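Visitor: Have a look at this one before I ask anything.
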Amino acid sequence: MSSGFINPSGNSSGLNQTDSSAINSDNQMEGVTSSDENSMLYQNQNNQQLNRYSIEHPQDNRLPSIDYVEPAFWCTISYYELNQHVGESFHASQPYVNVDGFVDPSSPSRFCLGVLTNINRTYESEQCRKLIGRGVRLYYIGGEVYAECLSDSPIFVQSPNCNTMNGWHPATVCKLPPGCNLKIFSHHEFANILARTVPEGYNAVFQLTKMCSIRISFVKGWGNDYRRQAITSTPCWIEVRLNGPFQWLDRIWPQMNGPGSLSS
C-alpha cells in the first residue's frame with residue numbers, strides 16, 4: 001500500500017514516509033459492521049460512554065467538574081472551493097456520513113456536493129468536482145472518528161489529533177489512497193491532552209480548538225510536496241468541525257479567567 005505524508009511546515013522530522021500502520025487498506029475499522037443498522041446501534045451504545053469524561057474545575061477542585069456532553073449533531077461539515085464557503089453546512093446526527101460528488105438530495109447520512117452551486121466556480125474546481133465520485137465516508141464509532149476514501153481519487157487529511165496520536169508534526173497532511181481508512185480523531189486522546197493542558201492556563205487550552213477541526217481535500221493535496229501551500233488553494237475541500245470537543249472547551253474556557261466563551 002502506498003501512502004504519503006506531507007509536512008507543510010517544512011519540519012524535517014521524517015514524516016515523508018511511504019508506508020504507515022496508521023493507514024488501513026483492508027476497510028476494517030473496529031466497531032464498524034457491514035450493517036448500517038448494527039453500526040448505528042453500536043454507536044448509540046458506545047458514544048454514550050463519552051459522557052463519563054470530565055475535567056476538574058480549573059480554578060477550584062472543590063467546585064463541580066466540567067463534564068463532556070454528547071451533542072445532538074456530532075459534527076458540522078462545511079464545503080469550500082478555494083477560500084470560498086459554498087452552500088449551507090451539513091449537520092451530522094448519524095454515526096456515519098457520506099460526503100460525495102453526486103447530485104442526489106442530501107439525507108441525514110449523506111452530504112451531496114454535486115447539488116451545490118457557485119457563481120464564482122473556477123474551471124479547476126469544476127473539473128475536480130467531477131472526480132470526487134463517492135468521496136469520503138466519516139464514521140463516528142465509540143468516541144473515535146474514521147475517514148474512509150471511497151473515491152477513485154485520493155483524499156488528503158489534516159488532523160492535529162491524528163498527528164499527535166501518531167507522533168507526527170501537528171501540521172502534517174496525510175494522503176489517503178482509494179479504499180483506505182484512517183483514524184482521524186480519538187475522544188480518549190483528546191481528553192488526556194485536555195487534562196494535561198488545563199494547568200497550563202487558558203491560552204494553552206484555547207490552542208486545543210485547532211484539534212476540533214479536521215480538513216480534507218479531494219483529488220488535490222497541499223503542502224511542501226505540492227505547488228499548493230495552503231488548503232485554501234485546493235479546488236474542493238471540506239472542514240469537519242467536531243461539535244462535542246469544541247463545546248466542551250467552550251464550557252471550560254469561561255472558568256479559566258479567559259476573555260469569554262470560544263463561540264462569542
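The values are calculated or read from the model by the stated rules, or taken from the named source; none is laboratory data. Just so you know, these numbers come straight off a predicted model, no measurement behind them. Here Cβ is always computed from backbone atoms with ideal geometry, including for glycine, and neighbour counts include all displayed protein chains. Just so you know, the surface numbers come from the protein's heavy atoms only, side chains and all, with ligands and any DNA or RNA stripped out. Shrake-Rupley method; radii C 1.70, N 1.55, O 1.52, S 1.80 Å.
Visitor: Can you tell me which residue is most open to solvent (accessible area, probe 1.4 Å) among those in segment 123-143 that are more than 19 Å from Phe90 (Cα to Cα) and modelled with pLDDT of 95 or more?
Guide: Filtering segment 123-143 for residues that are more than 19 Å from Phe90 (Cα to Cα) and modelled with pLDDT of 95 or more, the one most open to solvent (accessible area, probe 1.4 Å) comes out as Tyr123.
Visitor: For segment 180-210: of the residues being over 21 Å from Phe156 (Cα atoms) and charged (D, E, K, R), which is surrounded by the most Cβ atoms within 10 Å (Cβ to Cβ)?
Guide: Within segment 180-210, the subset over 21 Å from Phe156 (Cα atoms) is 187-208.
Pick out the ones that are also charged (D, E, K, R) and you get 189, 196, 200.
On the way: Glu189: 17, Arg196: 10, Glu200: 10.
By that ranking, first place goes to Glu189.
Visitor: When you check Gln229 against the structure, is it farther than 21 Å from Arg134 by Cα, polar (S, T, N, Q) and in contact with a helix residue (DSSP H, G or I) (Cβ under 9 Å, 6 or more places away or on another chain), yes or no? Outline the logic, then answer.
Guide: On the way: farther than 21 Å from Arg134 by Cα: yes; polar (S, T, N, Q): yes; in contact with a helix residue (DSSP H, G or I) (Cβ under 9 Å, 6 or more places away or on another chain): no.
Criteria not met by Gln229.
Visitor: If Asn118 satisfies all but one of (1) open to solvent by less than 40 Å² (accessible area, probe 1.4 Å); (2) within 20 Å of Ile77 (Cα to Cα); (3) modelled with pLDDT under 95, what's the number of the condition it fails?
Guide: Asn118 satisfies every listed condition except (3).
Visitor: Of the numbered conditions (1) within 22 Å of Asp152 (Cα to Cα); (2) open to solvent by 10 Å² or more (accessible area, probe 1.4 Å), Pro108 fails exactly one; give the number of that condition.
Guide: (1)
Visitor: Here's a check for you: in segment 151-179, which residue that is open to solvent by less than 30 Å² (accessible area, probe 1.4 Å) and in contact with a Gly (Cβ under 6 Å, 6 or more places away or on another chain) is farthest from Phe218 (Cα to Cα)?
Guide: Within segment 151-179, the match that is farthest from Phe218 (Cα to Cα) is Val173.
Yes/no matrix, rows are residues, columns are (1) touching a Cys at 6+ places or on another chain (Cβ under 8 Å); (2) closer than 30 Å to Trp253 by Cβ; (3) of a type in the set (D, E, K, R):
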{"position": "Asn192", "(1), (2), (3)": "no, yes, no"}
{"position": "Gly201", "(1), (2), (3)": "no, yes, no"}
{"position": "Lys210", "(1), (2), (3)": "no, yes, yes"}
{"position": "Arg215", "(1), (2), (3)": "no, yes, yes"}
{"position": "Asp225", "(1), (2), (3)": "no, no, yes"}
{"position": "Ser233", "(1), (2), (3)": "no, no, no"}
